[in-house]
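A short write-up of the structure that comes next.
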Amino acid sequence: MSPAVRRPRRNRPPAPAPDGPPAATPAARKAAPAWAWVLGTWFGSGLSPVAPGTAGTLATLPLAWALGRLPAWGPWNPWCLAAALALFLPAVAAAGRIEAALGRHDPGAAVVDETVGTLLTMAFLPGSAFADFRTYAAAFLLFRILDVWKPGPVGRSQSLPGGWGIVVDDALAGLLGAPVLTAAALLWRF
């Protein structure tokens with residue numbers, strides 16, 4: 001009897017998760033314009049190898065903090081709402097370009113939708129709430145829960161084509177979270 005022949009093992013890197021980044025290969029980067037990669041990955045946070053949606057949400061909080069420092073109109077600070085509305089259509093375009101470049105629906109690298117959703121979650125806060133760290137922690141947790149859970153119309157909106165399906169579901173999650181966060185912030189004041 002001859003001894004069994006063993007083949008040497010080859011060290012191969014693990015295959016990437018089917019829905020996670022980074023699939024931004026040089027060919028994919030050329031398939032979408034640079035502005036789409038910068039905006040769509042929210043300045044690279046979507047290229048995080050672990051939990052890119054969470055990384056994108058965390059990367060939005062400094063913007064929310066800066067917007068909260070701008071002058072309020074009466075008791076309400078409108079700047080998160082204004083930023084979310086101004087970002088919405090460019091986010092749809094950037095997310096759609098990244099989706100086309102990577103060849104899969106709602107790729108993990110496209111996290112600008114988390115930015116829109118987080119800003120909408122914070123859109124109706126009183127100006128004083130931006131001085132409280134609990135506001136940012138609650139906005140982060142509330143938005144991430146709604147984004148993962150995708151209740152009712154949030155989940156159904158993902159079937160919209162292209163960048164619309166990527167951004168609209170997070171925008172709806174943000175709008176569902178906004179009254180909850182606003183009520184919590186008002187209760188913290190008293």
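The values are calculated or read from the model by the stated rules, or taken from the named source; none is laboratory data. Here the structure is a predicted model, which means the values were calculated and not measured. As a convention, Cβ positions derive from the backbone with ideal geometry for all residues, glycine included, and neighbour counts pool all protein chains shown.
Residue pairs whose Cβ atoms lie under 8 Å apart, separated by 6 or more positions or on different chains, with the first residue in segment 145-158 and surrounded by fewer than 19 Cβ atoms within 10 Å (Cβ to Cβ) and the second among the charged types (D, E, K, R) and part of a helix (DSSP H, G or I), are K150/D169; G155/D169; Q158/D169. Is it the case, given these coordinates, that F140 is surrounded by fewer than 21 Cβ atoms within 10 Å (Cβ to Cβ) and either at pLDDT below 95 or in a helix (DSSP H, G or I) (or both)? Considered against the rule, which asks whether it is surrounded by fewer than 21 Cβ atoms within 10 Å (Cβ to Cβ) and either at pLDDT below 95 or in a helix (DSSP H, G or I) (or both), F140 comes out as yes. Where residues in segment 103-129 are surrounded by fewer than 21 Cβ atoms within 10 Å (Cβ to Cβ) and in a helix (DSSP H, G or I), which of them is nearest to the chain's Cα centre (by Cα)? Here the answer is G127. Can you tell me which residue in segment 32-55 is surrounded by the most Cβ atoms within 10 Å (Cβ to Cβ), limited to those that are assigned to a loop (DSSP other than H, G, I, E, B) and touching a Pro at 6+ places or on another chain (Cβ under 9 Å)? Residue satisfying both the conditions and the ranking: T41.
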